[in-house]
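> Here it is, the structure, as structure tokens.
The values are calculated or read from the model by the stated rules, or taken from the named source; none is laboratory data. Small disclaimer: the values here were computed from a predicted structure and weren't measured. Every residue, glycine among them, receives a Cβ derived from its backbone with ideal geometry; neighbour counts consider all protein chains shown.
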Amino acid sequence: MLKTEHLHILGNVYRSEFSSIYRQIIETVPDSVSEYPVSILFQSYPGEFSQSVVDELIIAEPFSPVLLFLGSALEGESRTGHPLVGCFRFYVHQWSGEYRHQLFLYWSGKPSFFTLPRTVENDEIAIFHAVSASYAVNVRSNEDIPSSRNALIVSRLGTLGNDWAMNQFLAVFYRQQGFETEFLNWRVFSPLFDGLIIADTDDSPFPQILESVQRLRCGFADSKITVYINSPRINEKSDLRDSGVDEIISKPVFW
């Protein structure tokens, strides 16, 4: 166990699927963290940790969150296995910049979904985010806020078609975060756009999605690109980043 005054970590953090998340968490701890301890488990295979391990962490710090990161060998565990309870559960492909931000807020003594009861459900977390969206924008560090507050939404990446429902979902969310949103039309849109590209994937084969990302990067060389994709594998995330994606968010989205 890696243990500091405010951070208890169990598991093999140097596995390829965990190492980047581990580094992000370590980098997120504020320099002057107050009394906000966190316990984190990195689970590589079914049965690595027993429920008693989680219970001991909860008893030791009853008002502190336990984060559980599940490796690819644990996919489907909630249906076929014996999932650990009392934790905030994340598959490794679900961790995003928003979670990292929420963890920073918790360590800073500000409202965060890690301050919610450990029995919270996903829909309750979504309600929390909807209520606190405008607050979150104001407390983000400057490095997390794009210089331009314009967001260009691209749906059905892979076909570069159109999905009205997904367009509206993304537009509403990013408007809550203070962005002015527009929708991509390759025939009329200027490649001089300066802002954030929000790209949602469809069910196209991954090579087509990758090709579309490369087209976006070529067309909008100076913009940050965020891609929403269904349960990406490690190699797919690596290929997307090599093609110019700045942030990858796994679907189904858990904010």
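> How many residues does the range 35-58 hold that are surrounded by 14 or more Cβ atoms within 10 Å (Cβ to Cβ) and in a loop (DSSP other than H, G, I, E, B)? First the steps, then the outcome.
In the first step, residues of the range 35-58 are kept if they are surrounded by 14 or more Cβ atoms within 10 Å (Cβ to Cβ); the result is 36-44, 46, 48-49, 53-55, 57-58.
In the following step, the residues that additionally are in a loop (DSSP other than H, G, I, E, B) were identified as 36-37, 44, 46, 48-49.
Number of matching residues: 6.
> Given the structure, is H101 surrounded by 15 or more Cβ atoms within 10 Å (Cβ to Cβ), out of contact with any helix residue (DSSP H, G or I) (no Cβ under 6 Å at 6 or more places or on another chain) and either modelled with pLDDT under 80 or assigned to a strand (DSSP E or B) (or both)? Show your work before the answer.
Working: surrounded by 15 or more Cβ atoms within 10 Å (Cβ to Cβ): yes; out of contact with any helix residue (DSSP H, G or I) (no Cβ under 6 Å at 6 or more places or on another chain): yes; either modelled with pLDDT under 80 or assigned to a strand (DSSP E or B) (or both): no.
No; evaluated as a whole, the condition is false for this residue.
> Being surrounded by fewer than 20 Cβ atoms within 10 Å (Cβ to Cβ) and farther than 15 Å from W107 by Cβ is the filter here; which residues of the range 59-70 pass it?
The first filter runs over the range 59-70 and keeps only residues surrounded by fewer than 20 Cβ atoms within 10 Å (Cβ to Cβ), leaving 59-64.
Within the range 59-70, I59, A60, P62 meet the criteria.
> How many residues does the range 12-32 contain that are in contact (Cβ under 8 Å) with a residue 40 or more places away in the chain and crowded, with 19+ Cβ neighbours inside 10 Å? Walk me through it before giving the result.
Of all residues in the range 12-32, those in contact (Cβ under 8 Å) with a residue 40 or more places away in the chain come to 15-18, 21, 24-25, 28-30.
Then drop every residue that is not crowded, with 19+ Cβ neighbours inside 10 Å, which leaves 17-18, 21, 25.
Going through the range 12-32 one residue at a time, the tally reaches 4.
> Is at least one residue of the range 124-136 under 28 Å from N230 (Cβ atoms), among the aromatic types (F, W, Y) and at pLDDT below 80? If you could, list the steps in order and put the result at the bottom.
Our first condition is that a residue be under 28 Å from N230 (Cβ atoms); within the range 124-136, this holds for 124-133, 136.
Narrowing further to those that are among the aromatic types (F, W, Y): 128.
Now drop any that are not at pLDDT below 80, which leaves 128.
Yes, the range 124-136 has at least one match.
> Can you list residue pairs whose Cβ atoms sit under 8 Å apart, with the first residue in the range 38-54 being closer than 13 Å to F88 by Cβ and assigned by TED's automatic domain parsing to the domain that holds L116 and the second being among the β-branched types (V, I, T) and part of a helix (DSSP H, G or I)? Count only pairs 6 or more apart in sequence or on different chains.
What qualifies is I40/I25; L41/V53; L41/V54.
Residues checked against (1) modelled with pLDDT of 90 or more; (2) over 17 Å from the mean Cα position of the chain (by Cα):
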| site | (1), (2) |
| --- | --- |
| M1 | no, yes |
| L7 | no, yes |
| G11 | yes, yes |
| Q24 | no, no |
| E27 | no, no |
| E48 | yes, yes |
| E56 | yes, yes |
| F63 | no, yes |
| L67 | yes, no |
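> Taking E77 as meeting all but one of (1) surrounded by 16 or more Cβ atoms within 10 Å (Cβ to Cβ); (2) at pLDDT 85 or above; (3) over 22 Å from T226 (Cβ atoms), write down the number of the exception.
All conditions are met except number (2).
> In the set L210, L216, L196, which member is surrounded by 15 or more Cβ atoms within 10 Å (Cβ to Cβ) and farther than 17 Å from T159 by Cβ?
On the way: L210 fails: farther than 17 Å from T159 by Cβ; L216 fails: farther than 17 Å from T159 by Cβ.
The conditions single out L196.
> Determine, yes or no, whether A171 is among the small types (G, A, S), in a strand (DSSP E or B) and at pLDDT 80 or above. Lay out the reasoning, then the answer.
Numbers: among the small types (G, A, S): yes; in a strand (DSSP E or B): no; at pLDDT 80 or above: yes.
Here the answer is no, as A171 does not meet what is asked.
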